[in-house]
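Accompanying notes for the structure given below.
Each reported figure results from applying straightforward, stated rules to the coordinates on display, with no laboratory input. Keep in mind that this is a model prediction, so the values were computed, not measured. Please note: Cβ atoms are built from the backbone with ideal geometry, for glycine as well, and neighbour counts cover all protein chains shown.
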């Protein structure tokens, strides 16, 4: 906002004007801004009209939604370097001509809730302690992607290059490497090596010569299903090479990736004083969760809101889904909804279905047994509940793998599931039982 402070001098934009300017800068239509902010479409258009009038008067030329980026960038380039220094924590930043950024399919995080502790910790790791490899780990819907984008936006001025890429569609490693090398070389690397090892060496050359921030989302997409956590799919082992070398070799850059499970080889490299770290995301706090409910129009008593948040363990996606359902089906009455049994549905069911499908046979057996018990159990008790029985080694491997997938909780040698996960697995088990009853076969 330094540019606008200079332009407007003693005047300042209101919060809604800043929001409209920020989202217009990102290419949003007025209708999309209204939908995102909860304001009426006509009101947002009026705010925009008055905003352009204010900026036009301050700059002495006609400003409109269509040309605001061009005009402000031109004005910014004419500012003296000392005046144009942008804060790394500014919510709306105009990129320096010296910086290169490619946000790919990064989501909009203008409406972001909480995670202040996690944001501060990641800044410490990436900026102050110069970590080379950072993993954001957590179950689906917990907010890993949003946090990765938010932190990248906050830290962008600390890097010469920022690039954000989704791995959801499983791009071959050679395609990703070629894209990264061309981006960091500013399209000048004419002879890109053909081997994966050579491409990684070429990439690290740029990671050493300049400060680069790479963000890779949904790494679990290239990990095998039906096996214990962390094994790469055939043909995608090169991603493992990339993560290992970026974590092991000396450079001045950072690669941050999100995943629902820990890739093989990562755990041996991470540590509190090492340049490889991991951050396990859990649910939002009560206050942060209440903000989500409030934006959905749920203003019931604090006690009722707290019960709802506790039932869904502060999972942001779960809270958004149930809040919408409470508005549509219960007229916003949380108490009536809470009288029903805990329920998993919509996108949350789909996410858990995808994650459950990835489990090995032993992991599924452990999950079913924990859901049946519905309480904390010891390792010995769990082994007794399992049908069919598995060895202690197999049980330990399954528990470790489930922890790496963020699907179970552990405390003092006891194990259980989050309420949401337990309800999903219980429904899954009941469905399996019912489907087998007619033929007399229950597995």
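For the chain, what does -39500 (n - 2.57) per DSSP helix run (n ≥ 4), summed and divided by total residues, give at 222 nm, in deg cm²/dmol to the nearest 500? Rounded to the nearest 500, the figure is -15000 deg cm²/dmol. Against the chain, whose longest principal axis comes from its Cα atoms, helix 346-357 is set at around 60 degrees.
Among 364, 130, 373, the largest mean-square fluctuation in a Gaussian network model of the chain (Cα springs under 10 Å) belongs to 373.
Anyone know which of 268, 152, 323 comes out most mobile in the 10 Å Cα GNM of the chain? Largest GNM mean-square fluctuation: 268.
Sequence-distant contacts, meaning Cα pairs under 8 Å at least 6 residues apart, place the relative contact order of segment 286-340 at 40 percent. Express in whole angstrom the spacing between the alpha-carbon centres of segment 299-326 and segment 206-255. Here the two parts' Cα centres lie 35 Å apart.
With 0.36 nm allotted per residue and the present C-alpha distance subtracted, the residue 61-residue 40 stretch has 4.7 nm of extension available. Counted residue by residue at 0.36 nm each, then reduced by the alpha carbon distance between them, the extension gain from residue 233 to residue 327 reaches 29.6 nm.
Take every DSSP beta bridge whose two residues both sit in the chain; close to 20 percent of them are antiparallel. Computed from the Cβ-Cβ distance with R0 of 30 Å, the FRET efficiency linking residue 248 to residue 188 stands at 0.65.
Between 251, 231, 357, the Gaussian network model of the chain with springs among Cα atoms under 10 angstrom shows the greatest mean-square fluctuation at 357. Calculated FRET efficiency, residue 225 to residue 432, Cβ-Cβ distance, R0 = 22 Å: about 0.75 to the nearest 0.05. Quick check: the angle from helix 237-248's long axis to the longest principal axis of the chain, C-alpha only, nearest 10 degrees? For 237-248 against the chain, the angle is about 70 degrees. Computed over segment 101-280, relative contact order equals 33 percent, with contacts defined as Cα pairs under 8 Å that lie 6+ residues apart. Given Cα pairs under 8 Å that are at least 6 residues apart, what percent is the relative contact order of the chain? Relative contact order of the chain: 14 percent. Compared with the direct C-alpha span, the chain from residue 49 to residue 391 gains 116.1 nm at full extension, assuming 0.36 nm per residue. Taking the C-alpha atoms only, the angle from helix 15-25 to the longest principal axis of the chain is near 90 degrees. If R0 equals 30 Å, the separation of the Cβ atoms of residue 175 and residue 73 corresponds to a calculated FRET efficiency of about 0.45. Okay, which of segment 147-176 sit inside 20 Å, backbone N to the point 7 Å along the Cα-Cβ direction of residue 195? Only 173-176 fall inside the zone, counting backbone N under 20 Å.
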